[in-house]
Structure formats: C-alpha cells, structure tokens
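The values are calculated or read from the model by the stated rules, or taken from the named source; none is laboratory data. The model shown is predicted, which means the values in this text are computed figures rather than measured ones. Here the Cβ is made from the backbone with ideal geometry for all residues, glycine too, and neighbour counts use every protein chain on show. Accessible surface areas use protein heavy atoms only, side chains included; no ligands, DNA or RNA. Shrake-Rupley method; radii C 1.70, N 1.55, O 1.52, S 1.80 Å.
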Amino acid sequence: MAEVALKKVVKRYGDTEVVHGIDLDIAHNEFVVLVGPSGCGKSTTLRMIAGLEEISDGDIVIGDTVVNTLPPRRRNISMVFQNYALYPHMSVRENLGFSLKIAKRPEAEIARAVEDAAAILGLDALLERTPAELSGGQRQRVAMGRAIVRHPDVFLFDEPLSNLDAKLRTQMRVEIKKLHAKVQTTIVYVTHDQIEAMTLADRIVIMKDGHIVQVGTPLDVFERPVDTFVAGFIGSPPMNLIDGTIRDDTVVFGDGRSLPVPPDFAGRLENGHRVVFGFRADVLMPKGHALAESGTVHDIDLTIDLAEPLGSESMLFSSLAGKEIQARMHNPRAVRSGEVLTCELHLDKCHLFDAETTRSLRGDG
Amino acid sequence: MSTRTKNILTWIVTFVIMLIICLPGLWIILSAFRTNGEILTKPAIWIPQNLTLDNFRAIFGYGENVVGIPVASYFRNSLVISVTSTFVAVLIGMTGGYAFARYTFPGKAATFLWLMLSRTVPGIALSLPLFIIWSRMGIIDTQFGVILVYTAINVPFTIWLTEGFFRQVPRDLNEAAQIDGCTPWQAFWKIEFPLAKSGIASAGIFAFLTSWNEYALASQLTRSTDSKTLPVGLMDFTAQFTIDWAGMCAMAVIIIVPALILTFLVQKHLIAGLTFGGVKG
Ligand SMILES: Nc1ncnc2c1ncn2[C@@H]1O[C@H](COP(=O)(O)OP(=O)(O)O)[C@@H](O)[C@H]1O
Ligand SMILES: [Mg+2]
C-alpha cells in the first residue's frame, strides 16, 4: 500500500534548475507515466523518487513517510533501469535473489520468491545463465523480475523498453501491463514515447522543460490538450495547428480562407484575437471516406499533395494557409497528387489555442 | 600463402622473439648451476659440462666455500617491504581510483595529471634528495623508509590502472544495488569490487614486481641487514678485484622464483577480464 506525493519538488545542479517545483499525487496501485521530450527532467524526477538524486527543495512522500533524506534502501521501492543494470558476475538466479539475500532472508524463502518471480516472467529455464548469455528481451525480463521479487511499495521504470527492437517493445509493453494487473503495485514509468504512455498509463503526466504541463487519463490528454505543446506531442500524427485570427465567429487564416469557430468556443472570443486552430487528422476526412459521425461538419476543398496508403486507410497530405496538414481517408481509393477533394471537418472535435500563451481557449479548462 | 606456412612462419617469428627476450634469463639460470671457472673460461663453453648445486649451498651456508651473505635477512626484508608497500599502494590506489572514476570534485583533472606526471621523473633523480631527507628523519636503513618510497612510486600507477577498470563498471550497477537494499559500502564490495577485481590484481602484481626488483633507490637507502633487499644484496658478490658470477646468478634465481610463482598464481585473474552483458551490450 503506497501513495506517492511530490510537493513543490525542485532539482538544481549548481545554479541550473532542471525541475521547477512540481506537484504530483499518485494513488495506490496507480500506473502513472511521465512522458515528455528528451531532457525535460523525467529521469531526474524518477531518480529523486528513488533516492538516487537529492532533492533541492520540496517534499517527497511515499506511503506515510517523508522520504526526502532517506537512502534508496529505506524507501522500499524497486527500479528497472534503461540498460537493465544486471549484475554481470551473478547468474539470473543470484540477480533475482540479490535483494532478499542483502535483507538476510532465509535461503528457503529466497528460493521460493525467485521461483515465483521466474514463473511470472517465464524465466524458469534461464535461472543458471549469466546476463551475458541472455538476449535483450530476456535481460529486460530479468530486470523486471529483480524488481518484483521484493514486493516493493512502488515500481519505478526508466525507459525500460527503449533498447528493444520495435516488435519486442510492443510485446513487452503488453507484458508490463499484465504484470501490473498481477502484482497490484503503484508504478511510476518514464518514457519519451507517447504511444507507450497512452497504452500503459492510468494517468499520463506530460512534462516539458522541468514543468508538468498536463496530468490526465490518456483520453483526457488526447481529447483536451491544455496547450499546443501537448496537442503536438500526444497522438500520431501530431495535431494539425494553423495560425489565424477571429472575425465574427470564424477563424481567418493568412491566405484568406476561413473556418467556423468550433461550437465549444463559439460566442466567447473577440474579433482580432489571434489564435491557433487545431484538429487531428482523424477528424478531417474526404467525403464518402469518412466514418459516420454526427455533429457539426464543415466542408473544405483541399488539394492533395501526396497520399500514403496504409492498407485499411490512407494518410493524405495537403496544405492549408501554407501549413502542411494531414487527413485520414477510410476505405481508401487511389488518389492522384494534385487531385482536389472535398473533405469533412468535424468541428466538435476541433481546438482553439491562444496564439500568444499557446494555452487552450476552452472555457471549462 | 597457405594457412600452414603462415602458421609455421608465425611460430618461427614468435620463437625468435621469445628467444631474444628469454635468453639473458636462461643464461642466468644456467650459470647459477655452473662453477665460476666454467663461466669465465675462454673460449666460452656454451654447453654446460657439469651442473652443480654448490652455488646455492654456498649461499645457504653449506659446503666448502661458504659465502658469508645473509640471504635469509635479505629475503625477509624484500618480502616485508614488497608485500607491505604493495598492500598499501593497492589500498590507496583502489580507493583513489574509485574516487576518480565515480566522483567529481574541484581540481580533479589537475590532480590526476599531476599524479601521472610524477611518474615521468626517473626514480634515480630522486635518490639524493630522498637520501638527505630520509637521513634527517632518521629512517635511512629501515624497512619503513623503503616501504614509504615504494608506496609513493606505486600509488600513481595503481590509481591509474584501477580508475580505468572502475570506469568500465557502469554506475547503474551501484545504483541498482542500493535500490536492492545495499549500503553504498555493500554496493562497492558486492558489485563493483568483484567486477574490477582483475584490474586490482594487475595493479597488485605490477606494484609487487616493481618493489621486488627495485635496485637503484634501495641501494642508496639501505646499508645493513636491517633493510637491505635481495637486489641490493646481489652486490655483496662483488669483491674489490673479483666478482663471483656464479654466486650472483644463483642469488638472482632465488629472486626470480618467488616473482614467477606469484605471477602464475595471479595470472588467471589478469586474464579473466571483465565479463559484461549485465548492461546493454
Ligand atoms: N548530473 C547532472 N548535472 C547537470 N545537469 C544534469 C545532470 N543530470 C541531468 N541534467 C540535466 O537535467 C535535465 C533533465 O535531465 P533528465 O532528467 O535526464 O531528462 P530526461 O527527461 O531526458 O530523462 C537535462 O537538461 C540534463 O542536461
Ligand atoms: Mg531520461
């Protein structure tokens, strides 16, 4: 049983502050993913929770204990490192049992715990090998096994899948999700890969430059990004974002074309307000190739520059007001480049952001 | 060229090189079992006529012509001095090497450079200043005085060597061990030390051989059985007008044997090297 709380946590290296007073509450059993571009302070934050980095200011609470100055061994956490950090001079069995041996548990108990962990992760046949004799995926499994034998309060993962090839990564992602269901423990997971974040998380924490930008469920952050950064970071392909100006409940773009202000934002914005109009490829579809959807639909004619067939759908590349945009074509047919298609834009699913602050203009936050 | 001829060529070249390297040593060992007369005969006798153990018996005080050389004392001095200075140098080298590999501190690069530069001074250039300071301090002709010098000579080298080995041990392993419940001290002994063991063993061997074989400084700083080491003792075989080559060679063999044995014992650690794979390869 352990909640984790970060309260105004700051990290400085000398004079440079790399984590700027972040607040975060993680519930018991919750799977929280810290995601953000490289260098935004995810690992630093995770390492502060682990006790591998001192915190410069603020408090970290695990369970009922303020752990600010406790060394890692007193925090009852375990961690899976990006490069696995297996002990090369020990067998898989010794690697798995190491923490229990340090804790001076009886031999029989260690043996049982190791067998259990090995069974969960399918390592039974590998127990006598050394890490050098394992494949990347197997090492990854041992690293996770080493983390679970101890039944810690909190699991920490720092980009555990980034050294695996694409296929194995997808496979291990599923296994991690299953593992969480089995062991029922709080997990804090760091990744720079938004797909990993979306698929694994109960709640996603999006970080940028040492700040938390948004916290929410995967659907939350996908459907209601708080600013253009989140809009561009979460989802693939990234959200189409086009600069424009408000005039009489329309958004006028640089080339004179315009689109209606989406219903959620209508009637609240003054003329002359400079905004960014955002919509995902999924809500812009050629007529006749759209999914049946109700709501406010607006038609635009687009010159298609390029079509990328993906089988069950095609990605269409076009441009609007000088910006490249993408649309999605369901039940695709061949499209010539230069062809003009009338596309439906689902205005209910569109976003407006303030051009200056980059924040979403959605009234209800 | 066929693989076969290549193999044969390689073998011949290796043999010639090894012959050149080993010949002086072999000659010494051979001479240790011959009489002084036979060694000095002109023209030289290349193939020994009759081998004898007399030289060794003379050194250990048996037989007709006993050489009055206190080999046992020299051996004891050499052993005490080499073992102690090696032990201290490895201890300092290991902790120092670890610190250089793991921590940042002000003046780190300069300190490291300075340590390495100290190796560029030829040892013999230090002998006069050392002699003066040591005699003022009253540690001339003591084991302690020599131990101090040898430790100082060996420390930069042991630091440099172990630093390299500790740097190859990923920092993550120490952190993983701490998360697994280790104190920093336990993490060092249970994880990092075993992985750097071969480096530490190499450092130890080199430090020991340096101390065991050193002659120049010891010849200045020692003068009696209180501290004279085996290499210095070799000079006891030179009289005013004669040199007892046979005896000297026998003594040289006595010096070589323990060093050889030690090297063979530690060898497997030297070769063992690091078996990584615990972290992504
Ligand atoms: N030991 C350090 N000294 C100085 N700066 C550091 C140190 N470790 C990390 N940083 C800086 O802190 C920032 C966050 O790093 P990190 O948490 O590793 O980012 P990431 O989100 O990619 O895991 C980076 O800008 C990095 O340069
Ligand atoms: Mg990182």
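Would you kindly derive the ³J(HN,Hα) couplings of the stretch A:210-218 from the backbone phi angles with the Karplus curve 6.51 cos²θ - 1.76 cosθ + 1.60 (θ = phi - 60°), listing them in order in whole Hz, with x for Gly and Pro?
x, 10, 8, 8, 7, 10, x, 5, x
Please find the FRET efficiency linking B:Ile124 to B:Thr14, where r is the Cβ-Cβ separation and R0 is fixed at 41 Å, and quote it to the nearest 0.05. Please report the intermediate quantities before stating the final value.
Working: r = 34 Å, r/R0 = 0.83.
The computed FRET efficiency comes out at 0.75.
Only Cα pairs under 8 Å and at least 6 apart count here; give the relative contact order of the stretch A:241-365 as a rounded whole percent.
Working: 278 pairs, mean separation 38.2, N = 125.
Reported as a whole number, the value is 31 percent.
Of the beta bridges DSSP finds with both residues in chain A, what % are antiparallel, to the nearest 5?
Numbers: 60 of 78 bridges.
Looking only at bridges with both residues in chain A, the antiparallel portion is about 75 percent.
Quote the relative contact order of chain B in percent (integer), defining contacts as alpha-carbon pairs under 8 Å separated by 6+ residues.
Contact order relative to length: 29 percent.
Return one number: the angle in degrees, 0 to 90 and rounded to the nearest 10, between the long axis of the Cα atoms of helix A:92-102 and the longest principal axis of the Cα atoms of chain A.
70
If you restrict to DSSP beta bridges whose two residues both lie in the protein assembly as shown, what percentage is antiparallel, to the nearest 5?
On the way: 61 of 79 bridges.
Expressed as a percentage, antiparallel bridges in the protein assembly as shown total about 75.
To the nearest 500 deg cm²/dmol, what mean residue ellipticity at 222 nm is calculated for chain A from DSSP H runs of n ≥ 4 alone, each contributing -39,500 (n - 2.57), summed and divided by the residues?
So the helix-based figure for chain A works out to -7000 deg cm²/dmol.
Keeping every protein chain in place, order B:Arg119, B:Arg223 by accessible area at 1.4 Å, biggest value first, i.e. largest first. The partial results should precede the final answer.
Values: B:Arg119 115, B:Arg223 145 Å².
Sorted descending by solvent-accessible area, the residues read B:Arg223, B:Arg119.
Would you look at the GNM of chain B, springs on alpha carbons closer than 10 Å, and say which of B:Met235, B:Met248, B:Met137 moves the most?
Highest fluctuation among the options: B:Met137.
Can you give me the long-range amide H partners of B:Gly61? Hydrogens built in the peptide plane at 1.01 Å from N, cutoff under 5 Å, separation of 5 or more residues or another chain.
It is B:Val67, by chain and number.
What whole-number distance in Å separates the alpha-carbon centres of the stretch B:64-106 and the stretch A:250-315?
So the separation of the two Cα centres works out to 80 Å.
For A:Arg74, tell me the accessible area in Å² from a 1.4 Å probe, rounded to the nearest 10.
Its accessible surface works out to 140 Å², give or take rounding.
Suppose R0 equals 51 Å; then what is the FRET efficiency for B:Trp27 and A:Ser162 from their Cβ-Cβ distance, rounded to the nearest 0.05?
E(calc), rounded to 0.05, equals 0.25.
Mind checking which of A:Leu316, A:Leu291, A:Leu123 has the largest fluctuation in a GNM of chain A, springs on alpha carbons under 10 Å?
A:Leu291
Would you work out if the stretch A:4-232 is rounded, prolate or oblate? Take a ≥ b ≥ c from the square roots of the eigenvalues of the alpha-carbon gyration tensor; rounded if a/c is under 1.5, else prolate when a/b is larger than b/c, oblate otherwise. Write out the running numbers ahead of the final one.
Working: a/c = 1.95, a/b = 1.45, b/c = 1.35.
Since a/c reaches 1.5 and a/b is larger than b/c, the shape of the stretch A:4-232 is classed as prolate.
Counting only protein heavy atoms, probe 1.4 Å: which residues of the stretch B:138-176 lose 10 Å² or more of accessible surface in the full assembly compared with their chain by itself?
B:Asp172, B:Leu173, B:Glu175, B:Ala176
In degrees from 0 to 90, rounded to the nearest 10, what is the angle of the helix A:136-148 Cα long axis to the longest principal axis of chain A?
The two axes meet at around 70 degrees.
Rounded to whole Hz and in sequence order, give me ³J(HN,Hα) for the stretch B:221-230 from the Karplus expression 6.51 cos²θ - 1.76 cosθ + 1.60, θ = phi - 60°, writing x for Gly and Pro.
8, 10, 8, 10, 5, 4, 9, 4, 9, 4
Using a cut-off of 26 Å between alpha-carbon atoms, which lysines can reach B:Lys197, once sequence neighbours fewer than 8 places away in the same chain are excluded?
Hits, sequence-local ones excluded: A:Lys101, A:Lys104, B:Lys108, B:Lys268, B:Lys280.
If you project the alpha carbons of the protein assembly as shown onto their three principal axes, what span does each projection cover, largest first, in Å?
Each principal axis gives a Cα extent; for the protein assembly as shown these are 122, 67, 54 Å.
Could you please put A:His151, A:His211 in sequence from largest to smallest accessible area, using a 1.4 Å probe?
So the residues, ranked largest to smallest area, are A:His151, A:His211.
Roughly how many nanometres apart are two label points built 7 Å out from the Cα toward the Cβ at A:Glu308 and A:Ala132?
A separation of 4.3 nm, rounded to one decimal place.
Which of rounded, prolate or oblate describes chain B when judged by the alpha-carbon gyration tensor and an a/c cut-off of 1.5?
Details: a/c = 2.48, a/b = 1.46, b/c = 1.69.
Oblate shape, in that a/c is at least 1.5 and b/c is the bigger or equal ratio.
Given charges of +1 on the Cβ of Lys and Arg and -1 on the Cβ of Asp and Glu, with all other atoms neutral, how large is the dipole of the protein assembly as shown about its Cα centre, in debye to the nearest 20?
Details: 59 positive and 64 negative charges, 515 e Å.
In total the dipole reaches around 2480 debye.
Given the options A:Gln194, A:Gln184, A:Gln171, which has the most mean-square fluctuation in a GNM of chain A, springs set between C-alpha atoms less than 10 angstrom apart?
Looking only at A:Gln194, A:Gln184, A:Gln171, the biggest GNM fluctuation is shown by A:Gln171.
Treat the stretch A:239-354 as a sphere of radius equal to its Kirkwood radius over Cα pairs and apply Stokes-Einstein at 37 °C in a medium of 0.692 mPa s; give the translational diffusion coefficient in µm²/s, rounded to a whole number. The partial results should precede the final answer.
Details: Rh = 14.4 Å.
The Stokes-Einstein estimate is 228 µm²/s.
Per residue of the stretch A:50-65, what does 6.51 cos²θ - 1.76 cosθ + 1.60 with θ = phi - 60° give for ³J(HN,Hα)? Whole Hz please, x for Gly and Pro, Karplus curve as stated.
Those phi angles translate into 6, x, 7, 10, 6, 8, 8, 6, x, 9, 10, 10, 10, x, 9, 9 Hz.
Under 5 Å between amide hydrogens, which residues at least 5 positions from A:Arg359 or on another chain qualify, with H placed 1.01 Å from N in the peptide plane?
The list, which skips near neighbours in sequence, is A:Asp354.
In whole percent, what relative contact order does chain A give with Cα contacts below 8 Å and a gap of six or more residues?
On the way: 759 pairs, mean separation 55.7, N = 365.
Averaging sequence separation for qualifying contacts and normalising by length gives 15 percent for chain A.
Just to be sure I understand the rule: take each whole DSSP H helix in chain B, project its Cα atoms onto its long axis, keep it if the span is 18 Å or more and its mean Kyte-Doolittle hydropathy is at least 0.0. Which ones pass?
On the way: long enough: B:3-32 (41 Å, 1.62); B:71-102 (45 Å, 1.05); B:143-168 (36 Å, 0.83); B:193-213 (29 Å, 0.88); B:245-272 (40 Å, 1.94).
Qualifying helices: B:3-32, B:71-102, B:143-168, B:193-213, B:245-272.
Would you mind checking the tilt of helix A:166-183 against the longest principal axis of the Cα atoms of chain A, expressed as 0 to 90 degrees and rounded to 10?
Rounded to the nearest ten degrees, it is 60.
Hey, rough spin-label estimate for B:Asn50 and B:Leu91, points 7 angstrom out along Cα→Cβ, what's it come to in nanometres?
Spacing of the two 7 Å Cα→Cβ label points: 5.3 nm.
Of all accessible surface on the stretch B:3-59 at a 1.4 Å probe, what whole percent is carbon and sulfur?
Values: 3320 of 4440 Å².
Ligands and nucleic acids excluded, carbon and sulfur give 75 percent.
Quick query: amide H of A:His273 versus all other amide H atoms, modeled in the peptide plane; which residues come in under 5 Å with a sequence gap of 5 or more or a different chain?
So A:His273 has HN proximity to A:Ile246.
Provide the buried accessible surface between chains B and A in square angstrom, both chains summed, 1.4 Å probe, rounded to the nearest 100.
Working: alone 16760 and 17080 Å², together 31650 Å².
Counting protein atoms only, the buried area is about 2200 Å².
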